[in-house]
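Written below as structure tokens is the structure these notes are about.
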Protein chains: 2
Amino acid sequence: MMTTYNFSAGPGVLPEAVITQIKQEFEKNEHTHMSIVEISHRSQQFQTIVANAEQKLRQLMQIPDNYGVVFLQGGGSTQFEMLPLNFATKQQKIAFLDSGNFAAKAGEAAQQLGKSVTVLASTKPTHYQSLPALPQDFDATAYDYLHIVTNNTIEGATFHQNNLPKTTGRLVADMSSNILAEPYQVTDFDAIFAGGQKNLGPAGVTVAIIKKDWLAEQDLTGVGPMMRYQNHIDKQSMYNTSPVFAIYALDLVLDWVIAQGGVAAMHERNLAKANRLYDYLDQSGFYTAPVEKSARSLTNIVFTTGDLARDKLIAKQAETQGLFNLAGHRSVGGFRASLYNAQPMAAVDALITFLKKVEAEQA
Amino acid sequence: MMTTYNFSAGPGVLPEAVITQIKQEFEKNEHTHMSIVEISHRSQQFQTIVANAEQKLRQLMQIPDNYGVVFLQGGGSTQFEMLPLNFATKQQKIAFLDSGNFAAKAGEAAQQLGKSVTVLASTKPTHYQSLPALPQDFDATAYDYLHIVTNNTIEGATFHQNNLPKTTGRLVADMSSNILAEPYQVTDFDAIFAGGQKNLGPAGVTVAIIKKDWLAEQDLTGVGPMMRYQNHIDKQSMYNTSPVFAIYALDLVLDWVIAQGGVAAMHERNLAKANRLYDYLDQSGFYTAPVEKSARSLTNIVFTTGDLARDKLIAKQAETQGLFNLAGHRSVGGFRASLYNAQPMAAVDALITFLKKVEAEQA
């Protein structure tokens, strides 16, 4: 079979070693006599998996004890609702920096819940190719919190740790597409969440990291039990039936990240992968990577020939070379190469070889 | 290896053929070059899986076109919140028949959401060993809907199709532990839901079947987008990233049910399995199956020796014979043998053989 690479923005590529392990372990376990999809979420085996996964994530991200770590269902979109319900209870106001589609979507969800939403700044007019800046006169006390998306999965601009907005108030981060891909100081945030299906495992599990003192302050009248972080924290992610398989697979991915050397090693690798691709694109006269250099994503590399119809044909042609899912998000077109942790350098090299060949033929 | 059986109330046993198929298909698919946990929820492959799963469920349950069918995350507990948010918007009042823990829990969730909850009848005082009856003076117009749980997973009493409460108003059913295990007339209900992890597949997916005309009547001010059924129906269960693996596995389980002959065949088999066990228990002088005969569950068979400490020891001893998860729910003790669709008659026979041996030794 041809060597193939999956550049999907997620659900996307998982470590090959993890895929092999899941397959190997899929039949009845020799101790429990059940497959992983048949064990109870109340079983000792699963309780151990959850406890281990939490400890591994704490270790990888250096999450202190005053933060709760939970594995939930419903994806980032459910977090867009849980966060306002749990935390926008005093001012009933949330500040957003609009750095892309998923910031806008989170704002819309909060508004539907009856919360007041202020977009402090937006880079939408320039197609999200740079980051919105926190206004100097931002009054954090007027809002329950500031919501940011660390990495824009669609257009590829990133608040890296060194260009995070500095607020004196509470800060919430959607890290769905770059959690564990580069280092963040957890203590700079009051809540962090990430859908599982990019750097953490398969679709079907979402991580939430919540500062405990913040929860204690809230009045949750009218909020249902499943939407309360405290319930999930109190029950160690087993408030109701957990998504057993997704958490099991996530636990294996965390093992793999640890074996690779943790977040620092992943970051170094991701920098090398992304830089190799950006360097090629920047020197090319054929392709352009439009995102401002200081904000460029390590995980979602966006580029174009400037002709969206041509981009589409090239992305289709790439498939014949074993390079899948290079088309940009349906809302923007162009190309997007997602280089999550599990993406090997060989994928980048194969991509550059292909892009060069196209450039030589068509430029 | 010893032949073993898993009597877990869920997540529990899945068809052996399905487990084998998942394992076989787990490596990179020869057409997509990706494993099932790596494909995008926007891929053609996954869209086909979702569309097929919906069609198969419609076929199996004879669900008419005026009902939406969606695959969601969050389990039954999230349905305890979505239902009040979507449907208790006029009277803001829900009527419950308290036939067990999960009816009570759904009522509590609705109350936390600020809805008024009336328990019309409860069999809690008699340990849920029979079914609560709808009061003759029940005024359906005073409530948005009546909520029932068709099968009590913990104590094992069931509203079978022939003993459903007759209401002139809207009727909602939690079928988590007996969907596809016995026939129900979908048109008798306005909403049906079921967590996946018993008769449908692994944990991590929940089915909701919603009568469309009911949705159109509601005022959903203040309800977030993920909690609105209409959004999920409009987007064919892909409103946000779907739990790809869980839906894939559910689709395989539906294939298996169809291959077995559909719900009628499953029902016949489940009747045979349950009756064989109940018949043994009823003639035994050692064990008692306390649920009233007309309401006995086909999927969760509850029994006891009358001595909970002894029951616990016997359930432990059963494990040495390859019979797992026979202990009753932690809230009630005793025994519970879950005989979901995937449980073979051989499991029942092995269980009876074991129970007889214990009876001979200890009675």
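Taking the listed residues A:ALA363, A:ALA346, the one that is modelled with pLDDT of 95 or more and either aliphatic (A, V, I, L, M) or buried (at least 23 other Cβ atoms within 10 Å of the Cβ) (or both) is A:ALA346, with no other qualifying.
State yes or no: is B:THR288 of a type in the set (Val, Ile, Thr), out of contact with any Cys (no Cβ under 8 Å at 6 or more places or on another chain) and exposed (fewer than 14 other Cβ atoms within 10 Å of the Cβ)? Walk me through how you get there before you give the answer.
Details: of a type in the set (Val, Ile, Thr): yes; out of contact with any Cys (no Cβ under 8 Å at 6 or more places or on another chain): yes; exposed (fewer than 14 other Cβ atoms within 10 Å of the Cβ): no.
For B:THR288, the condition - of a type in the set (Val, Ile, Thr), out of contact with any Cys (no Cβ under 8 Å at 6 or more places or on another chain) and exposed (fewer than 14 other Cβ atoms within 10 Å of the Cβ) - is not met.
Once the range A:64-92 is narrowed to residues that are open to solvent by 10 Å² or more (accessible area, probe 1.4 Å) and more than 17 Å from the chain's Cα centre (by Cα), the residue that is nearest to B:ASN231 (Cα to Cα) is A:LEU85.
Within the range A:275-302, the residues that satisfy the criterion of being touching a Ser or Thr at 6+ places or on another chain (Cβ under 6 Å) and within 23 Å of A:PRO11 (Cβ to Cβ) are A:SER297, A:THR299, A:ASN300.
Scanning the range B:96-129 for residues that are without any contact (Cβ under 8 Å) to a residue 60 or more places away in the chain and either among the hydrophobic types (A, V, I, L, M, F, W, C) or touching a Leu at 6+ places or on another chain (Cβ under 7 Å) (or both) gives B:PHE96, B:ALA104, B:ALA109, B:ALA110, B:LEU113, B:VAL117, B:VAL119, B:LEU120, B:ALA121, B:THR123.
Looking at B:ALA337, B:ALA350, B:ALA295, which is the one that is touching a Leu at 6+ places or on another chain (Cβ under 7 Å) and farther than 26 Å from B:VAL149 by Cβ? So that I can check it myself, show each step before the final result.
Working: B:ALA337 fails: farther than 26 Å from B:VAL149 by Cβ; B:ALA295 fails: farther than 26 Å from B:VAL149 by Cβ.
Result of the check over B:ALA337, B:ALA350, B:ALA295: B:ALA350.
Could you pull out every one of the strands (runs of 3 or more DSSP E) wholly within the range B:71-166 that has 1 or more residues that are among the polar types (S, T, N, Q) and not assigned by TED's automatic domain parsing to the domain that holds B:PRO290?
On the way: elements: B:93-98, B:116-122, B:145-149.
Passing ranges, in order: B:116-122.
Please verify whether B:GLY100 is more than 20 Å from B:THR241 (Cβ to Cβ) and surrounded by 16 or more Cβ atoms within 10 Å (Cβ to Cβ), treating the condition exactly as stated. Spelling it out, B:GLY100 is indeed more than 20 Å from B:THR241 (Cβ to Cβ) and surrounded by 16 or more Cβ atoms within 10 Å (Cβ to Cβ).
The set of residues in the range B:208-235 that are away from chain A (no Cβ under 14 Å), open to solvent by less than 10 Å² (accessible area, probe 1.4 Å) and aliphatic (A, V, I, L, M) comprises B:ILE209, B:ILE210. Each residue in the range B:284-321 was checked for being part of a helix (DSSP H, G or I) and farther than 18 Å from B:LEU271 by Cβ, and 13 of them qualify. B:ALA203 is checked against (1) surrounded by fewer than 24 Cβ atoms within 10 Å (Cβ to Cβ); (2) touching a residue at least 60 places away in the same chain (Cβ under 8 Å); (3) not aromatic (Phe, Trp, Tyr) and fails just one. What number does that condition carry? Going through (1) surrounded by fewer than 24 Cβ atoms within 10 Å (Cβ to Cβ); (2) touching a residue at least 60 places away in the same chain (Cβ under 8 Å); (3) not aromatic (Phe, Trp, Tyr) one by one, B:ALA203 breaks only (1). For the structure I just gave you, tell me whether A:VAL257 is modelled with pLDDT of 95 or more and away from chain B (no Cβ under 11 Å). Taking the combined requirement at face value, the residue satisfies it.
Screening B:LEU134, B:LEU120, B:LEU171, B:LEU113 for residues that are aliphatic (A, V, I, L, M) and under 18 Å from the mean Cα position of the chain (by Cα) leaves exactly one candidate, B:LEU171. Residues in the range B:39-93 that are away from chain A (no Cβ under 14 Å), acidic (Asp, Glu) and more than 30 Å from A:HIS329 (Cα to Cα): B:ASP65 only. Pairs are defined by a Cβ separation below 7 Å, a sequence spacing of at least 6 or placement on different chains, a first member in the range A:334-363 that is over 12 Å from A:ARG276 (Cα atoms), and a second member that is among the charged types (D, E, K, R); the pairs so defined are A:GLY334/A:ASP311; A:PHE335/A:ASP311; A:TYR340/A:LYS198; A:GLN343/A:LYS273.
If we keep just the residues of the range A:1-38 that are at the interface with chain B (Cβ under 8 Å from one of its Cβ atoms) and among the charged types (D, E, K, R), which is farthest from A:LYS316 (Cα to Cα)? Among them, the one singled out is A:GLU30. Taken residue by residue, the range A:40-59 has at least one member that is within 19 Å of the chain's Cα centre (by Cα) and polar (S, T, N, Q).
Filtered by the rule that a residue be in a loop (DSSP other than H, G, I, E, B), touching a helix residue (DSSP H, G or I) at 6+ places or on another chain (Cβ under 7 Å) and of a type in the set (Asp, Glu), the range A:12-50 gives a lone residue, A:GLU27.
Yes or no: A:THR299 open to solvent by 10 Å² or more (accessible area, probe 1.4 Å), away from chain B (no Cβ under 14 Å) and either among the charged types (D, E, K, R) or closer than 22 Å to A:HIS127 by Cα (or both)?
Working: open to solvent by 10 Å² or more (accessible area, probe 1.4 Å): no; away from chain B (no Cβ under 14 Å): yes; either among the charged types (D, E, K, R) or closer than 22 Å to A:HIS127 by Cα (or both): yes.
Here the answer is no, as A:THR299 does not meet what is asked.
The values are calculated or read from the model by the stated rules, or taken from the named source; none is laboratory data. All of these numbers come straight from a predicted model, not from anything done at the bench. Cβ: placed from backbone, ideal geometry, glycine included. Neighbour counts: every protein chain shown. Surface areas here come from the heavy atoms of the whole protein model, side chains and all, with no ligands, DNA or RNA. Shrake-Rupley method; radii C 1.70, N 1.55, O 1.52, S 1.80 Å.
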